[in-house]
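Below is one structure, written out as structure tokens; the observations come after it.
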Amino acid sequence: MSVRVLLLLLVLPLSAFAQGFAGMGSDAEGFAVPERPAVFDFPTDHGPHPDFRIEWWYLTANMTGPDGTPYGLQWTLFRSALAPEAGAGWRAPQVWLGHAAVTTPDAHFVAERLARGGVGQAGAEAAPFAAWIDEWQMTGSDFDRMTLNAAGLDFAYQVTLTAQGPLIFHGEGGYSVKSAAGQASYYYSQPFFALEGTLTLPEGKVAVTGNAWLDREWSSQPLAEDQTGWDWFSLSFDGGDKLMGFRLRQSDGDYFSAATWITPDGQTQALPNGAFTARPLRTAAVAGRDVPVKWQVSLPDKGVDITVEAVNDAAWMATSIPYWEGPVTVTGSHAGVGYLEMTGYE
């Protein structure tokens, strides 16, 4: 969704972490901030925005193997600026973080990479498009067709992504409000990727096909100080419609929510705070925490009343700042698959 888990902010002073989840509510003085109306310039905006403090390229995928087994895949590159000043080489203020994961019904594999910007170890370029950290890469001549790879100690994947629809802009044409106080990000997605490729798991190689969803988001202060975490859903229904929805949890027990309804041909409708609701139905003990892994999700404006449930309850990202992220199934008024990300569960 990203407001997404910008774990890169672990490099901020400890005092920042009281200001919104992972410091994302801390002051943005000196950095650029999103403005209305959102104006995008492609392919330039597929690349980095160093004037903004935080940014990510975030891909999740729902896949099946030849025997019908469901799999999930995640590939994420985060950029965080330590300061608004420019610099070159080791003086560059950019820090990069990569996350890769594969989820099966019985296992969850995770790897993490950290790099300093300015020395070539990690970065992103707009045209031809490339985003990388070490040997993990997402590359393509544009956003229509790309290749993606990553590997950890006990897993690897190499897949091809082919866009079957247009880019999607969330909120007000890509200006995505995240709080009642007005914090916002620039946010667009490519949710129409068809995927094919190979997973390498401890038991061997698995050919997979499926669909993938790529989020692009950047900001400098995307959360309010009292926002403690979020629950983010990207859902693809069997009929071709798609739904992005999130709720941001506040320290007073209230929520701020937003959603985007996406038709099969790429038409969108932005839904305001309160239109999208998500209610936990079941929790599971995961990494010493009680985490909601089954949800009742409603969007009355579109007749949506569904149950969203984890493929694997234990899809815990044991990374620098831990969170839950994994594939889900959808039943009820609409059937389908998707991904769920949850942060801030202590």
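Just a few scattered comments:
- Residues being within 30 Å of Leu82 (Cα to Cα) and assigned to a loop (DSSP other than H, G, I, E, B) - total across the range 179-203: 5
- Residues that are at pLDDT 95 or above and outside any strand (DSSP E or B), drawn from the range 204-239: Asp238, Gly239
- Scanning the range 48-95 for residues that are at pLDDT 95 or above and in contact with a helix residue (DSSP H, G or I) (Cβ under 8 Å, 6 or more places away or on another chain) gives a single hit, Phe78.
- Extreme residue, nearest to Gly123 (Cα to Cα), among residues of the range 49-83 that are part of a strand (DSSP E or B) and charged (D, E, K, R): Arg79
- Taken over the range 137-155, the criterion of being within 19 Å of Phe109 (Cβ to Cβ) and not small (Gly, Ala, Ser) is satisfied by Gln137, Met138, Leu148, Asn149, Leu153, Asp154, Phe155.
- Contact map, the range 297-324: first residue among the basic types (Lys, Arg), second residue part of a strand (DSSP E or B) and surrounded by fewer than 23 Cβ atoms within 10 Å (Cβ to Cβ), Cβ cut-off under 7 Å, separation 6 or more or different chains; pairs are Lys302/Trp261.
- Residue tally, condition more than 22 Å from Gly332 (Cα to Cα) and over 19 Å from the mean Cα position of the chain (by Cα), over the range 269-303: 8
- Hey, Ala270 farther than 29 Å from Gln183 by Cα and among the aliphatic types (A, V, I, L, M) or not: no
- Only listed residue being surrounded by 14 or more Cβ atoms within 10 Å (Cβ to Cβ), touching a residue at least 60 places away in the same chain (Cβ under 8 Å), over 17 Å from the mean Cα position of the chain (by Cα) and closer than 23 Å to Tyr323 by Cα, chosen from Leu97, Leu114, Leu77: Leu114
- Checking each residue in the range 117-143 for being touching a helix residue (DSSP H, G or I) at 6+ places or on another chain (Cβ under 7 Å) and either modelled with pLDDT of 95 or more or farther than 23 Å from Leu167 by Cα (or both) picks out Gly118, Val119, Ala126, Phe129.
- Some residue of the range 267-285 being among the charged types (D, E, K, R), touching a Phe, Trp or Tyr at 6+ places or on another chain (Cβ under 8 Å) and buried (at least 23 other Cβ atoms within 10 Å of the Cβ): no
- Pairs are defined by a Cβ separation below 8 Å, a sequence spacing of at least 6 or placement on different chains, a first member in the range 125-153 that is under 22 Å from Glu112 (Cα atoms) and touching a residue at least 40 places away in the same chain (Cβ under 8 Å), and a second member that is of a type in the set (Lys, Arg) and surrounded by 14 or more Cβ atoms within 10 Å (Cβ to Cβ); the pairs so defined are Ile133/Arg113; Trp136/Arg113.
- In the range 199-221, the residues that are surrounded by fewer than 23 Cβ atoms within 10 Å (Cβ to Cβ) and of a type in the set (Gly, Ala, Ser): Gly204, Ala207, Gly210
The values are calculated or read from the model by the stated rules, or taken from the named source; none is laboratory data. All values reported here derive from a predicted model rather than from experimental measurement. We place every Cβ from the backbone using ideal geometry, glycine too, and count neighbours over all the protein chains shown.
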